[in-house]
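Below: one structure, written as C-alpha cells.
The values are calculated or read from the model by the stated rules, or taken from the named source; none is laboratory data. A quick note: this is a predicted structure, and the numbers were derived from the prediction, not measured. When we count neighbours, we look across all protein chains shown, and the Cβ atoms used for this are built from the backbone with ideal geometry, even at glycine. Just so you know, the surface numbers come from the protein's heavy atoms only, side chains and all, with ligands and any DNA or RNA stripped out. Shrake-Rupley method; radii C 1.70, N 1.55, O 1.52, S 1.80 Å.
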Amino acid sequence: MDKDYILLMIESLEKKEGILTKLLELTDEQKTIVSAGETDWDAFNANVDRKGELIDEIVKLDEGFDSLFGRVKETLEGDKSAFASEIKRMQELIRSVTEKSTALSTEENRNKNLIENKFREEKNTIKQSKIGSKAAMDYYKRMNRINTVDPQLMDRKS
C-alpha cells in the first residue's frame, strides 16, 4: 500500500513539473503580449486566467502530495533502502520543480516590471490625449470669440 502512495507522489511531482513548464511558456507569451507595440489586453487577460487555472492545479497537487507524504513519511524514513529508486526519482523531480519555480518567479518579476512600465506609458498617453483635447477645446472657444461681434452702443444724438 505504501508503494502505491509513493508512486502517486511521484506522479504528482511529474504533473507539477509539467504544469510549471506550461506556466513558463504562458509567462513568455505574456511577455510577448505586453512587449508588443499595441498591447492586446484581451489576450493578456486570457493568458492571466489560464495561468490562474494552472496555479490552482498546482495548489491541489501540493495538498495531495502533502497528504500522501504524511501517510508514508515513517515508512520512507524507516526503510530507505527498500524505496531507494523511488526516493531518488522524487529527489530529481523536486530539484527540477524547484529550478522551474525559481525561473518562473524570475520571469514573473520581469513581466511585472514590463507591465508596470506599459501601464505608465498608457497613463501618459491618456494624459497627453486629455491635454490635447483641452487645448483643442480652448482653441475652438477662442476662435469662436473672434467671429463674434460684441454688442455696440450707439448714440442717437445725431
Determine the gain in length on full extension of the stretch residue 35-residue 55; use 0.36 nm per residue of separation and subtract their C-alpha separation, reporting nm with one decimal.
4.9 nm
Can you figure out the FRET efficiency of residue 69 with residue 115, using R₀ = 25 Å and their beta-carbon distance, to the nearest 0.05?
0.10
What does the accessible area per residue of the range 4-145 come to in Å², with a 1.4 Å probe and no ligands, DNA or RNA counted?
68 Å²
Those residues of the range 52-81 whose amide nitrogen sits under 19 Å from the label point placed on residue 2, 7 Å along Cα→Cβ
65-81
On alpha-carbon atoms, Rg over Rh for the range 1-147 using Kirkwood Rh?
1.35
For the range 37-54, list residues with backbone N below 13 Å from a point placed 7 Å from the Cα of residue 25 toward its Cβ?
51
